[in-house]
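Visitor: Supplied in structure tokens, the structure appears directly below.
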């Protein structure tokens, strides 16, 4: 059973964060609720942008995830491949596209977040029913991709299968979509203008604009990000 809720204040805008936290989680995993709660705790900090990618690779043993998607599992595999590994697991937290840690180990997560920095500002501004995105030039950095990641800010789910069967768990920053908007050029920057209605398809009510380097088709370091909640 899925019950929608709201964990943040409508109209919230976050710019100049120090870290983008990408959690790979699953509703059937016994270690994941601790990580899900930690992500929610960290997301309350204004310098943090949080995203939860629910994976689908536990579905084969009868633990389907309400929000699970093959694309999320593939993104986690791509991160592993970019680091020369084939190992994926839940719960895993990736910080700024650079470092992966066990997401249920609070000390390990805290250390990774504390050391995180983002160099590139991403400026968002509402213009009527449009969203304006301004990402300045920075010749010291390499070319990168501009991503739009949509999310649902909060939902409570009663788990029917797996190691958490019978529990009702609160989830936040649940990724619902991920798409490329364009390229960011170090010498010229990037300016984009998008219709708000096309950015947030239901059930999404928030979005992250993220600038991330590409490593031969695999995800690289995140350079900058900003988010908003409608």
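Visitor: With the requirement that a residue be more than 11 Å from residue 211 (Cβ to Cβ) and out of contact with any strand residue (DSSP E or B) (no Cβ under 7 Å at 6 or more places or on another chain), what does the stretch 128-154 give you?
Guide: Listed by number, the residues that qualify are 128, 139, 140.
Visitor: A further question on this structure: Could you grab the pairs with beta carbons closer than 7 Å, sequence gap of 6+ or different chains, first residue in the stretch 16-40 and on the phi > 0 side of the Ramachandran plot, second one modelled with pLDDT of 95 or more?
Guide: 16/121
Visitor: Residue 202 versus (1) at pLDDT below 95; (2) farther than 22 Å from residue 71 by Cα: which is the lone unmet condition?
Guide: With (1) at pLDDT below 95; (2) farther than 22 Å from residue 71 by Cα applied to residue 202, the lone miss is (2).
Visitor: Does residue 33 fit the bill of being surrounded by 19 or more Cβ atoms within 10 Å (Cβ to Cβ), modelled with pLDDT of 95 or more and more than 16 Å from the chain's Cα centre (by Cα)?
Guide: Numbers: surrounded by 19 or more Cβ atoms within 10 Å (Cβ to Cβ): yes; modelled with pLDDT of 95 or more: yes; more than 16 Å from the chain's Cα centre (by Cα): yes.
Judged against the criteria, residue 33 is a match.
Visitor: Restricting attention to the stretch 70-108, report how many residues are under 19 Å from residue 151 (Cα atoms) and in contact (Cβ under 8 Å) with a residue 60 or more places away in the chain. Before the answer, list the steps.
Guide: First, pick out the residues of the stretch 70-108 that are under 19 Å from residue 151 (Cα atoms): 70-76, 91-97.
Going one step further and asking which of them are in contact (Cβ under 8 Å) with a residue 60 or more places away in the chain, we end up with 71-72, 75, 91-97.
Residues that pass the stated criteria total 10.
Visitor: Also: Mind listing whichever residues of the stretch 60-85 are within 15 Å of residue 24 (Cα to Cα) and modelled with pLDDT under 95?
Guide: Initially, the stretch 60-85 is screened for residues within 15 Å of residue 24 (Cα to Cα), giving 64-80.
Selection gives 64, 65, 66.
Visitor: Anything in the stretch 167-201 that is under 15 Å from the mean Cα position of the chain (by Cα) and surrounded by fewer than 17 Cβ atoms within 10 Å (Cβ to Cβ)? List them, or say none.
Guide: Selection gives 177, 179, 180.
Visitor: Among (1) buried (at least 18 other Cβ atoms within 10 Å of the Cβ); (2) more than 19 Å from residue 176 (Cβ to Cβ); (3) touching a strand residue (DSSP E or B) at 6+ places or on another chain (Cβ under 8 Å), there is one condition residue 52 misses while meeting the rest; what is its number?
Guide: Failing condition for residue 52: (2).
The values are calculated or read from the model by the stated rules, or taken from the named source; none is laboratory data. Here the structure is a predicted model, which is why all the values come from computation and not from measurement. Every residue, glycine among them, receives a Cβ derived from its backbone with ideal geometry; neighbour counts consider all protein chains shown.
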